[in-house]
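Okay, structure first, notes after.
FYI, it's all coordinate maths here, none of it is from the lab. Everything numeric here is computed off the predicted structure, so don't read it as measured data. Please note: Cβ atoms are built from the backbone with ideal geometry, for glycine as well, and neighbour counts cover all protein chains shown.
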Amino acid sequence: MFDDVGLFFDALSDDYTKAIERCFPRYREMLWALVDYLPADRSFGSVLELGCGTGNLSVAIHDAFPKASLRVVDLSQNSLDLCQTRLETCDGFVCEQNDFGTVEYSKGSFDLVVSSIAIHHLDSSAKQSLFKRIHDWLTEDGVLCFADQCAGANEELNTRHMENWKQLSIKAGSSETEWDMWMQHQAECDHHDTLPDQLDWLRDAGFTTIDCPWRFLLWTVIQASK
């Protein structure tokens, strides 16, 4: 499955930002919320980003914490190459081609772990495993904050989310062909769990302060602290 994900984003990487902004018109607002709602009294020294893509969140994190070391992980080498180019002047910047569903780091390696529209590529069990591993990777007062797609609590809500999402996407310039491309990728590679389930899994992983500071349709920002 992860080979398919990597190949999909290899093919899309040159035009990813324009494509995602057509697909989800509030994409930039979502990234703003992820960064803006990080604890205001913290200065993060070491940051890990899971599924960095072409570096839109990476750049935002570097702008917010220019002195932090930043390690980014992605399956797509094409995307990593673009991310590297955008952050080539960033000291302490490391690109890693890897599967974040299985990657391992030492305990207490990072002050902050972030991700944007990537964790939904893991199924329910793999998400729970990842949350537990991230808890170990974080320092004593570390923070996890990620933006992703969460399923509606029931089929009716989920259907309405999808209908409204498609209307917004078409209005923003997506064609039916492009929409169908995203939906095929979603059917083949995406695993949408509900927000309540993921909040419960974060508690089970050991996180204590957990919130959802922003949500629109399926698109959700979740923050959890140790």
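Return the long-range amide H neighbours of Glu49 (sequence gap of 5 or more, or a different chain), with a cut-off of under 5 Å between placed amide H atoms.
Distant-sequence amide H within range of Glu49: Arg71, Val72, Val73, Val114.
Evaluate the distance, in nm, between pseudo-label points positioned 7 Å from the Cα of Val94 and of Gln77 along their respective Cα→Cβ axes.
Calculated label separation equals 2.0 nm.
Based on C-alpha coordinates, I'd like the Rg and Dmax of the range 11-84, in Å.
12.9, 40
Specify, per residue and in Å³, the volume enclosed by the convex hull of the alpha carbon atoms belonging to the range 112-177.
Details: hull volume 8.2 nm³, N = 66.
So the per-residue Cα hull volume is 125 Å³.
Based on the Cα coordinates of the range 70-124, what is the per residue volume of their convex hull in Å³? Spell out each step's value before the answer.
Details: hull volume 5.5 nm³, N = 55.
Taking only Cα atoms, the range 70-124 has a hull volume of 101 Å³ per residue.
In the range 53-129, which trypsin sites (Lys or Arg not before Pro) fall in coil by DSSP and have 12 or fewer other Cβ atoms within 10 Å?
Within the range 53-129, the qualifying trypsin sites (Lys or Arg not before Pro) (loop, at most 12 other Cβ atoms within 10 Å) are Lys67, Lys107.
Simple spin-label model, 7 Å along Cα-to-Cβ: Ala172 to Ala126 in nm?
2.5 nm
Run down the lysines and flag those whose C-alpha is under 24 Å from the C-alpha of Lys18, throwing out any fewer than 8 positions away in its chain.
Candidates past the 8-residue exclusion: Lys166, Lys171.
Along the Cα→Cβ direction, 7 angstrom out, place labels at Lys67 and Gln186. What is the inter-label distance in nm?
Computed distance between label sites Lys67 and Gln186 equals 4.3 nm.
With just the Cα atoms defining each centre, how far is the range 57-105 from the range 153-209? Give it in Å.
Each part reduced to its Cα centre gives a spacing of 25 Å.
To one decimal place, what orientation-averaged projected area in nm² is obtained for the convex hull of the Cα set of the range 98-144?
Working: hull surface 12.6 nm².
Directional mean of the projected Cα hull area for the range 98-144 stands at 3.1 nm².
To the nearest 500 deg cm²/dmol, what mean residue ellipticity at 222 nm is calculated for the chain from DSSP H runs of n ≥ 4 alone, each contributing -39,500 (n - 2.57), summed and divided by the residues?
Details: 9 runs with 104 residues, N = 226.
Taken over the chain, the calculation gives -14000 deg cm²/dmol.
Find the eigenvalues of the gyration tensor of the Cα atoms of the chain, then list the square roots of 5 times those eigenvalues as equivalent ellipsoid semi-axes, largest first, in whole angstrom. Each step should come with its number before you reach the end.
Working: eigenvalues 132, 88, 54 Å².
The equivalent ellipsoid of the chain has semi-axes of 26, 21, 16 Å.
Could you state, as a whole-number percent, how many of the C-alpha pairs of the range 60-189 are farther apart than 24 Å?
Values: 3590 of 8385 pairs.
Within the range 60-189, distances greater than 24 Å cover 43 percent of Cα pairs.
What FRET efficiency comes out for Arg203 versus Ser43 if R0 is 25 angstrom and r is the Cβ-Cβ distance? Round to the nearest 0.05. Each step should come with its number before you reach the end.
Values: r = 27 Å, r/R0 = 1.07.
Efficiency for this residue pair is about 0.40.
Given 20 °C and 1.002 mPa s, how large is the Stokes-Einstein diffusion coefficient of the range 153-214 in µm²/s, with Rh as the Kirkwood radius over Cα pairs?
Numbers: Rh = 14.0 Å.
For the chosen part, D equals 153 µm²/s.
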